[in-house]
Amino acid sequence: MSRLSFTVEREATGSKARAATFQTLHGAVETPVFMPVGTQATVKSQTVETLKATGASVLLANTYHLLLRPGAEVFRKFGGIHRFMNWDRPVLTDSGGFQIFSLPGERSMNEDGARFRSYVDGDIHLLSPESSIAMQKLIGSDIMMALDQCIPSTAPHDEALAAMELTHRWARRSLEARGDSAQALFGIVQGACHHDLRKKSAAFLRELPFDGLAIGGLAVGETHAERYEFTGLVTDHLPKTLPRYLMGVGTPIDILEAVHRGVDMFDCIIPSQLAQRGVAFTARGRLQVRRAVHKLDESPLESGCGCSTCQTYSRAYLHHLVKSDEMLGWHLLGVHNFAFYHRLMREMRRSILENRFAEFYEARRHDLGGSDDENVVHPVKKRAPARSSQLGDYDVVTGSQGFSSIRQISSGEVMHSVNRPSDEAQALYIEQSRLALRLLKRDDDAGELVIWDVGLGAASNAMAALHCFEKVLAEHGSGAVRTLRLISFEIDLDPLKLALRFASHFPHLRHGAPHAIVKHGQWDHGSDLLHWKLHHGDFLAFLESSPVPDLIFYDPFSAKTDTALWTREVFARLLQHCRPKPAELYTYSAATAVRVAFLAAGFHVAEGVGTGPKATTTVAFTQERGARAHPAASRLLGAEWLARWRRSDSKFPANLVAEEKPAFERTLEAHPQFR
């Protein structure tokens, strides 16, 4: 039985986020929780009083450093760390595994443990599972960590396998060394960035009597997207009855993403470390106080913040302290940063308990990645939006609305120029297609769902589908969800490569999947219920050889820029390929010529929802029964549209010769949709 009495109070709908409580020897802890790092029994630049004032409920200390200084005899004398540092709330101690990892030239590893030379006096020490636990017992931490072998997250499979298996053997020894101590003990999942090893490690450790499980070996070389991917993969394979701890992470956006993926506990040196460099965290992103623009600014760091720094001091004074390298500046910025972190954790917890975390997540994931320019209250001069470097025929443009898009330089056409790319994808493709509902198994349709994503671009539509799938999976569980096969077609990957290069501008790409698509051309979800494949090349070359779709997200460049993909002949081929089952096609275009091409090919056509400046978009159906059963049935083009078409300058396809026009007109007017 767990020594922590861990209780999940609420799991969020549409997310794996959860709010929980657990009981330690020094009090209760509410999650999600951030633990300031007090490596050597002190959080740099802070006192226990300021830490409590900012909202800290748990501190982290490090076994490796405390073993070397002040040493075991001090903790034996004081009866543990709480009396020694005058902290009466819970403490978690890291085992020292990461510190051993960070000293490759000063240690040797074997089955017994790690031998290393002390940076204090040069003596040789052996840190083993047994000696690590013995020291943590003397420290008297509420939560101890098992000794693990941490390696770079980018390590090859054989190296990661060996380290994982050693970690597992040490985990058993750590449990045995803990004995009947009332202190809780966490195991650590390893396996670097290898799916099979992470699953194997989680499966092994969850069978042992640990009081919680941590995700180790991340934030040590992988990309942000890989970190998010492997965090979600591991939590999928951890028991819901134990707390989950992501070690050494991270920034506010990293924490938000990890809470979304089911993590409960976090630690990181960033709030204090960046405070020393003059950086403050706010709801709109980072703020660099050193910048001259703050020299005369009487505003607080963050309007509405209740911390003592914001209530007492101006940006101008803090700017002066930072520029003067005064210790007080580090302290005051640290106070604010810790207050911000703990407030963020409380806000996430409250949103989970009120079952609105999914909305909170979508709103905050954009803001938390904000740039320093967005935090300038009184700018000296207004800067024009910066334009990022280009790749091939594309560049990144940031408009006055505050979000970025990809632009094709030669045509000037911008992908998602008015709405945020993720917002437009959600409204136009995900909500209209009722994807969340269609992903659920039903008695009449529990087979594989196939989506064609025609025009991958910067992966806005594909990632919207992936996020929808993960939300449904989190809400309903794998037993209720259909397999999703997502097939993307793209002739030029430069837009996606460019967006990934500047991923901070594109929040929808904070995931490992798009990186794998560019690198390997495919990606599989850890649940084995979503398979994403890229066809790199001309869509028309893959059309007939691809699995018949249920849904088509049709998003190539416009008919003006990419004429070949908007013709009656292409749509006729598409209709013929889809005949075995009713399929639905969604596209942003509402052009009369495009709708005429769909109708002439045999599709049934309806008006779709408007996005941005577009009053309508287009939905096309391969079968009449599919059109009549769809919510858009009431918007099927009818007599009024037909009358406008007769008066239109775009009545006929551009390649139609004069003698063919009367027959084309009769064919269109005889379409079953207009009977």
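The values are calculated or read from the model by the stated rules, or taken from the named source; none is laboratory data. It should be emphasised that the depicted structure is a prediction, and the values quoted were computed from it without experimental measurement. FYI the Cβ positions are ideal-geometry reconstructions off the backbone, even for glycines, and counts take in every protein chain you see.
Only residues that are more than 14 Å from Ser2 (Cβ to Cβ) and in contact (Cβ under 8 Å) with a residue 60 or more places away in the chain: list them for the stretch 183-213, please. Ile188, His195, Lys199 - these are the residues of the stretch 183-213 that are more than 14 Å from Ser2 (Cβ to Cβ) and in contact (Cβ under 8 Å) with a residue 60 or more places away in the chain.
Going by the conditions given, is Phe506 surrounded by fewer than 19 Cβ atoms within 10 Å (Cβ to Cβ) and in contact with a Ser or Thr (Cβ under 8 Å, 6 or more places away or on another chain)? No. The single residue among Gly248, Gly221 that is touching a residue at least 40 places away in the same chain (Cβ under 8 Å), crowded, with 19+ Cβ neighbours inside 10 Å and assigned to a loop (DSSP other than H, G, I, E, B) turns out to be Gly248. Checked against (1) closer than 25 Å to Ser308 by Cβ; (2) crowded, with 20+ Cβ neighbours inside 10 Å, Tyr64 meets all criteria but (1). A residue that is charged (D, E, K, R), touching a residue at least 12 places away in the same chain (Cβ under 8 Å) and crowded, with 20+ Cβ neighbours inside 10 Å occurs somewhere in the stretch 87-94.
For the stretch 107-163, the set of residues classified as of a type in the set (Gly, Ala, Ser), part of a strand (DSSP E or B) and closer than 15 Å to Ser174 by Cβ consists of Ala114 only. Meeting the requirement of 1 or more residues that are in contact (Cβ under 8 Å) with a residue 40 or more places away in the chain and more than 26 Å from Leu456 (Cβ to Cβ), the strands (runs of 3 or more DSSP E) wholly within the stretch 564-675 are 604-608. Within the stretch 408-454, the residues that satisfy the criterion of being of a type in the set (D, E, K, R), modelled with pLDDT of 90 or more and within 24 Å of the chain's Cα centre (by Cα) are Glu431, Arg434, Arg438, Asp453.
Which is in contact with a Pro (Cβ under 7 Å, 6 or more places away or on another chain) and not aromatic (Phe, Trp, Tyr), of Leu127, Leu147, Leu138, Leu166?
Leu147
Output yes when any residue across the stretch 172-188 is hydrophobic (A, V, I, L, M, F, W, C) and either over 26 Å from His26 (Cα atoms) or in the same structural domain as Arg343 (by TED's automatic domain parsing) (or both), and no when none is. Within the stretch 172-188, not a single residue is hydrophobic (A, V, I, L, M, F, W, C) and either over 26 Å from His26 (Cα atoms) or in the same structural domain as Arg343 (by TED's automatic domain parsing) (or both).
This table checks each residue for (1) on the phi < 0 side of the Ramachandran plot; (2) of a type in the set (A, V, I, L, M); (3) modelled with pLDDT of 95 or more.
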{"residue": "Val29", "(1), (2), (3)": "yes, yes, yes"}
{"residue": "Lys44", "(1), (2), (3)": "yes, no, yes"}
{"residue": "Thr50", "(1), (2), (3)": "yes, no, yes"}
{"residue": "Thr54", "(1), (2), (3)": "yes, no, yes"}
{"residue": "Leu60", "(1), (2), (3)": "yes, yes, yes"}
{"residue": "His65", "(1), (2), (3)": "yes, no, no"}
{"residue": "Arg76", "(1), (2), (3)": "yes, no, yes"}
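Among the residues of the stretch 128-161, which ones are aliphatic (A, V, I, L, M) and under 29 Å from the mean Cα position of the chain (by Cα)? Once the filter is applied, which keeps residues that are aliphatic (A, V, I, L, M) and under 29 Å from the mean Cα position of the chain (by Cα), the stretch 128-161 yields Ile143, Met144, Met145, Ala146, Leu147, Ile151, Ala155, Ala160, Leu161.
Given the residues Asp297, Asp267, which is the only one that is within 21 Å of Leu185 (Cα to Cα) and among the acidic types (Asp, Glu)?
Working: Asp297 fails: within 21 Å of Leu185 (Cα to Cα).
Answer to the selection: Asp267.
Would you confirm, using the coordinates I've provided, whether Val548 is within 27 Å of Phe603 (Cα to Cα), among the hydrophobic types (A, V, I, L, M, F, W, C) and surrounded by 15 or more Cβ atoms within 10 Å (Cβ to Cβ)? Outline the logic, then answer.
Numbers: within 27 Å of Phe603 (Cα to Cα): yes; among the hydrophobic types (A, V, I, L, M, F, W, C): yes; surrounded by 15 or more Cβ atoms within 10 Å (Cβ to Cβ): no.
Considered against the rule, which asks whether it is within 27 Å of Phe603 (Cα to Cα), among the hydrophobic types (A, V, I, L, M, F, W, C) and surrounded by 15 or more Cβ atoms within 10 Å (Cβ to Cβ), Val548 comes out as no.
Residues considered: Val605, Val596. Of these, the only one that is in the same structural domain as Ala425 (by TED's automatic domain parsing), crowded, with 19+ Cβ neighbours inside 10 Å and over 16 Å from Gln432 (Cβ atoms) is Val596.
Across the stretch 128-138, which residue is farthest from Asp180 (Cα to Cα) among those that are touching a residue at least 60 places away in the same chain (Cβ under 8 Å) and surrounded by 24 or more Cβ atoms within 10 Å (Cβ to Cβ)? Ranking the candidates gives Ser132 first. Residues in the stretch 280-300: is at least one touching a Cys at 6+ places or on another chain (Cβ under 6 Å) and surrounded by 19 or more Cβ atoms within 10 Å (Cβ to Cβ)? Yes, some residue in the stretch 280-300 is touching a Cys at 6+ places or on another chain (Cβ under 6 Å) and surrounded by 19 or more Cβ atoms within 10 Å (Cβ to Cβ). Checking the stated criteria, Asp180 turns out not to satisfy the condition of being acidic (Asp, Glu) and touching a residue at least 40 places away in the same chain (Cβ under 8 Å).
Counting only strands (runs of 3 or more DSSP E) wholly contained in the stretch 11-68, the ones carrying 2 or more residues that are touching a Lys or Arg at 6+ places or on another chain (Cβ under 7 Å) occupy 18-24, 27-31. Ser504 meets each of the listed conditions (1) within 25 Å of Leu238 (Cα to Cα); (2) out of contact with any Leu (no Cβ under 6 Å at 6 or more places or on another chain) apart from (1). Just so you know, in the stretch 26-44 the residues that are over 31 Å from the mean Cα position of the chain (by Cα) and touching a residue at least 40 places away in the same chain (Cβ under 8 Å) include one that is surrounded by the most Cβ atoms within 10 Å (Cβ to Cβ), and it is Ala41. Return yes when Lys52 is touching a helix residue (DSSP H, G or I) at 6+ places or on another chain (Cβ under 8 Å), in the same structural domain as Gln149 (by TED's automatic domain parsing) and among the basic types (Lys, Arg) and no when it is not. So Lys52 fails the test.
Looking across the stretch 623-650 at every residue that is closer than 19 Å to Thr567 by Cβ and more than 46 Å from the chain's Cα centre (by Cα), the one that is modelled with the lowest pLDDT is identified as Asp649. Out of curiosity, is Leu484 of a type in the set (A, V, I, L, M, F, W, C) and buried (at least 22 other Cβ atoms within 10 Å of the Cβ)? Judged against the criteria, Leu484 is a match.
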